[in-house]
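Participant: Before I ask anything, let me first share the structure, which is written out below as structure tokens.
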Amino acid sequence: MGKSQIWIAMAALALFFVSALADDVVVLTEDNFEKEVGQDRGALVEFYAPWCGHCKKLAPEYEKLGSSFKKAKTVLIGKVDCDEHKSLCSKYGVQGYPTIQWFPKGSLEPKKYEGPRSADALADFVNQEGGTKVKIASVPSNVVVLTADNFDEVVLDETKDVLVEFYAPWCGHCKSLAPIYDNVATAFKMEEGVVIANLDADKYKDLAEKYGVSGYPTLKFFPKGNKAGQEYEGGRDLESFVNFINEKCGTGRDGKGQLTPNAGIVSSLDALVKEFIAAADSEKKAVFSKIEEEVEKLTGPAARYGKIYLKSAKSCLEKGADYPKKETERLQRMLDKSISPAKADEFILKKNILSAFA
């Protein structure tokens, strides 16, 4: 298998994970819309655009809605990408995003939803219109709750990169951010060196004042090397948070918490791997020594990835040029089984790094 084929396989795997997690909300298109909507069940449909900020803010709430109604046979929760299906959105009078419409059972005449864009409010509407009695499933939060007692222990830990939201319980913007922030914490829950936390700044005013908080929500990032804290000034959608943390912390996660094809890649080692592959058999040990020297310089997550590079290079020396292909295939077979998230992370990192040796 060539390098490009491995990348395609990894991308397909990532797509599989995303699709599996998004199955609770039915993706509607011009081809399947009338097969799914207006039939033997009522349907709530979100008409959205991928670039729309309000749509991104709604996404985690809408996914929560879809998950909660997954087993309700009389109701469908669906969505339409209006960038891809302009004529379908135009047909139903969509002029802004997101537009949410209810289609009763057996009807293609929609009723526009005008209520709040929270999972609970949407569920109340669907229950009323569809005759169901579904409650939004509560999901345990992965956000670390800070207090005066644990703030220093968590935030000032020099081994952790910590993002802190200073909020007030009565703040509307904080309430809107809450489900997105929960998703950020969930996306990085497997990263031991990353902490997503929040502090009730109304309750712990002294701490808020200490860090110059004057409005809510205020987000501050406390990296390993700067415990004075720095203002987070990025977007408040899931994608922006994920990109920020990946850049600052050297992680490689997507919004669903899956490792991306770039996770574990260290550019300086990739360059040496190219040299290693091109070298004659008699010269490979000398290049291997260079890889060892470079790995010793690495710190943080890169040091962990460096060990995988080193082990892979050593296995190539001992087992020959076919090792990367055979090991990648073995790892894929393991990933196709039911394994723990920690093991899946380990195998995906190895696959990503092995792609440099292919």
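The values are calculated or read from the model by the stated rules, or taken from the named source; none is laboratory data. Just so you know, these numbers come straight off a predicted model, no measurement behind them. No Cβ is skipped: glycine too gets one built from the backbone with ideal geometry, and neighbour counts run over all protein chains shown. The accessibility values were calculated without ligands, DNA or RNA, using every heavy atom of the protein model including side chains. Shrake-Rupley method; radii C 1.70, N 1.55, O 1.52, S 1.80 Å.
Participant: Need pairs with beta-carbon distance below 7 Å; first residue in contact (Cβ under 8 Å) with a residue 60 or more places away in the chain and within region 146-163, second small (Gly, Ala, Ser) and open to solvent by 40 Å² or more (accessible area, probe 1.4 Å); sequence gap 6+ or separate chains.
Facilitator: none
Participant: While we're looking at this one, here's another question. Check whether at least one residue in region 308-325 is out of contact with any Cys (no Cβ under 7 Å at 6 or more places or on another chain), open to solvent by 50 Å² or more (accessible area, probe 1.4 Å), of a type in the set (Gly, Ala, Ser) and modelled with pLDDT under 95, and report yes or no.
Facilitator: Within region 308-325, one or more residues are out of contact with any Cys (no Cβ under 7 Å at 6 or more places or on another chain), open to solvent by 50 Å² or more (accessible area, probe 1.4 Å), of a type in the set (Gly, Ala, Ser) and modelled with pLDDT under 95.
Participant: Just to check your reading of the model, which residue among Asp31, Asp24 is at negative phi, surrounded by fewer than 20 Cβ atoms within 10 Å (Cβ to Cβ) and within 22 Å of the chain's Cα centre (by Cα)?
Facilitator: Testing whether each residue is at negative phi, surrounded by fewer than 20 Cβ atoms within 10 Å (Cβ to Cβ) and within 22 Å of the chain's Cα centre (by Cα) leaves just Asp24.
Participant: Only residues in region 101-121 that are under 18 Å from Val80 (Cβ atoms) count as the first member; pair them with residues that are in a loop (DSSP other than H, G, I, E, B) and among the hydroxyl-bearing types (Ser, Thr, Tyr), Cβ under 7 angstrom, at least 6 apart or cross-chain, and list the lot.
Facilitator: Gln101/Tyr92; Gln101/Tyr113; Trp102/Tyr113; Pro110/Tyr92
Participant: Sticking with this one: Report yes if some residue within region 267-289 is part of a loop (DSSP other than H, G, I, E, B) and either touching a residue at least 12 places away in the same chain (Cβ under 8 Å) or buried (at least 20 other Cβ atoms within 10 Å of the Cβ) (or both); otherwise report no.
Facilitator: Checking region 267-289: not a single residue is part of a loop (DSSP other than H, G, I, E, B) and either touching a residue at least 12 places away in the same chain (Cβ under 8 Å) or buried (at least 20 other Cβ atoms within 10 Å of the Cβ) (or both).
Participant: Which condition number does Asn262 fail, the rest of (1) open to solvent by 70 Å² or more (accessible area, probe 1.4 Å); (2) farther than 30 Å from Leu177 by Cβ; (3) not in a helix (DSSP H, G or I); (4) not acidic (Asp, Glu) being met?
Facilitator: (2)
Participant: State which residue is nearest to Leu259 (Cα to Cα) when the search covers only region 339-358 and only residues that are touching a residue at least 40 places away in the same chain (Cβ under 8 Å) and among the β-branched types (Val, Ile, Thr).
Facilitator: Looking at the filtered set, the residue picked out is Ile348.
Participant: Here's another thing I want to ask about it. Taking region 122-143 only, how many residues are of a type in the set (Ser, Thr, Tyr) and without any contact (Cβ under 8 Å) to a residue 12 or more places away in the chain?
Facilitator: Total satisfying the criteria: 1.
Participant: Report yes if Asp200 is more than 17 Å from the chain's Cα centre (by Cα) and open to solvent by less than 50 Å² (accessible area, probe 1.4 Å), otherwise no.
Facilitator: Yes; evaluated as a whole, the condition is true for this residue.
Participant: Out of the residues in region 218-257 that are in contact with a Ser or Thr (Cβ under 9 Å, 6 or more places away or on another chain) and in a loop (DSSP other than H, G, I, E, B), which is nearest to Leu163 (Cα to Cα)?
Facilitator: Within region 218-257, the match that is nearest to Leu163 (Cα to Cα) is Tyr232.
Participant: I've got another one for you. Could you check how many residues of region 314-338 are of a type in the set (A, V, I, L, M), under 19 Å from Ala263 (Cβ atoms) and either in contact (Cβ under 8 Å) with a residue 24 or more places away in the chain or not in a helix (DSSP H, G or I) (or both)?
Facilitator: Qualifying residue count for the region: 1.
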